[in-house]
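The values are calculated or read from the model by the stated rules, or taken from the named source; none is laboratory data. Predicted model, so just to flag it, every value in this text is computed and none were measured. Here the Cβ positions follow ideal geometry from the backbone for every residue, glycine too, while neighbour counts run over all protein chains shown. What goes into the accessible areas is simple: the full protein's heavy atoms, side chains included, and nothing from ligands, DNA or RNA. Shrake-Rupley method; radii C 1.70, N 1.55, O 1.52, S 1.80 Å.
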Amino acid sequence: MEDPDRITAKALAEVFKTSALHQTALWTLTSELQRKSLVWQKSKVKAGKMIKLFVAELVRSFMAYGYAVWKVSRGGRLTVASPEICRVVRVKPGARWKVEAVNSPAFSARGWHCTTMVEPPSHILRPDANDWPAPSVLSWKHFLRVREIEENWIRRDTHNSFPSVFTTINLEHFGQRVSEDTRVVHTLPTQSQYRNAQDYGTSIFPDVDAGDDATATFEDVLKSRHDAVRRLEQHSTLERERIMQSRSAGLAWDPKTDVQSAAPIHEEHIVSDGKKAVETKVLLSAMDARLQYDRTRHAVLFALGVPPQAVGETVNSERTASSAAIYDVAIGLFLRTVKQYREVVEQVLEQATTLDDGDVIKYASGVSGIQLARVLPLVQTSKAIELLAESYDLPKSFFDKERVAAMQSSEFAGARNAGSGKGPQRQLESVAATPSQRGQNAM
């Protein structure tokens, strides 16, 4: 049986199917990449749906494995093969990676290319999934910890959801007593505890009377106790039926409860005869369990290259300008990660989509929402219209040149005024909080 905690290509593929953290990180990264359109450089025509799906599969492979295996099939169809069915090798350190085999009858073994975003140590010529420093591999240990915390919570909640007891031998039940010299004196079991269940005209012990306790044999006592347990069960059934009948007589003051044939409204548990029941304690969570869980989740997101701020989460409870500064730093790192993915995707597209006339698919120029708010007052009005059209996916004709110029002037004046003032707090607001908030609105 395969170890589920071992890092293999199959395990990585399964994680991206079942882990919400990895799916969120992949979706966030793919969405940010799609902010810039894929365009044929000469004809300026946007790429079709198949190219977008091809790029999405490339990004998933880069994040999961650190490399992508792809080919251009007949008819110009672009295909990405999962590393689960592939093996890449190199003949010597620094050499190009080659696809050694594709173990699938659905694909031909020829024509495959391997493009790497990260690489294993140079001395490893035949690496497995564990050797590649891919984002998912770097986050593996933290992901296992997240899974263990969640499983522990489920086990604890399951335990707390079911009533249970611990049982110990009840010495008083068997007539045992402790003498003055702390010696246990064993006496014959009494039957007084069963004598009070005779409300229905039947004796719990029909064969053994109270005066026979001292002369009864062990077999007689054993038989009588067996009959007592059976009759106690019947006694419980009769008592429950009497309670249901009293409900039908209006003791519950609610006609809706008049259900004589309904199932028991509680669950009964059997405790062995002669034992004492002690209720089990509720399993409590640690004081810092939620904090440790959030930190572990954030560690997974950071290792995947997608900080929590990129998906709308906060890492602290501060509401001052310092929180905005932290947001700017995190988003800046995320945009650098996006740029790294964009460069390696364009490397694949350059090989896969270059036509005979030199036309090729690349990402269109553009900036993020935060960058747009900061550079808009500094660029020419015509370039500002191009950036706005690309960011908001609108035709250039929708933008009025004079109004864009007026907005640039007001933005430039606002940026200069934001820098005025005294004190470090005011300076921090001018460089962090104000541009970030404007950038969020632009996004």
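Of the residues F302, F143, the one with the largest accessible area comes first in the ranking F302, F143, computed with a 1.4 Å probe on protein heavy atoms. Checking the cross-link pairs K17/K71; K92/K141; K49/K362; K92/K339 against a 20 Å limit on the alpha carbon distance flags K17/K71; K92/K141; K92/K339 as lying beyond it. For the range 122-130, putting each phi into the Karplus relation 6.51 cos²θ - 1.76 cosθ + 1.60 with θ = phi - 60° gives couplings of 5, 7, 8, 9, 10, x, 9, 4, 6 Hz, in residue order, rounded to whole numbers and with x for Gly and Pro.
Taking a ≥ b ≥ c as the square roots of the eigenvalues of the alpha-carbon gyration tensor, the range 1-141 is classed oblate because a/c is 1.5 or more while a/b is no larger than b/c. For the set H22, H142, solvent exposure ranked by accessible area (probe 1.4 Å, protein chains only) runs largest to smallest as H142, H22.
Solvent-accessible area of M50, all protein chains in place: 110 Å² (probe radius 1.4 Å, heavy atoms, ligands and nucleic acids excluded). Solvent-accessible area of S122, all protein chains in place: 70 Å² (probe radius 1.4 Å, heavy atoms, ligands and nucleic acids excluded). Each Lys or Arg adds one and each Asp or Glu subtracts one; over the other residues with Cβ under 13 Å from the Cβ of A310, this totals -1.
Note on the range 286-300 and the range 338-413: Cα centroid distance 39 Å, given to the nearest whole angstrom. Using the Cβ-Cβ distance between L53 and T167 with R0 set to 45 Å, the FRET efficiency works out to roughly 0.15. Backbone geometry of the range 351-364 corresponds, through the Karplus equation with coefficients 6.51, -1.76 and 1.60 at θ = phi - 60°, to 3J(HN,Hα) couplings of 7, 8, 10, 5, 8, 5, 7, x, 6, 8, 8, 9, 6, 6 Hz, x marking Gly and Pro.
H235 contributes an accessible area of around 40 Å² to the protein surface, as traced by a 1.4 Å probe with all chains present.
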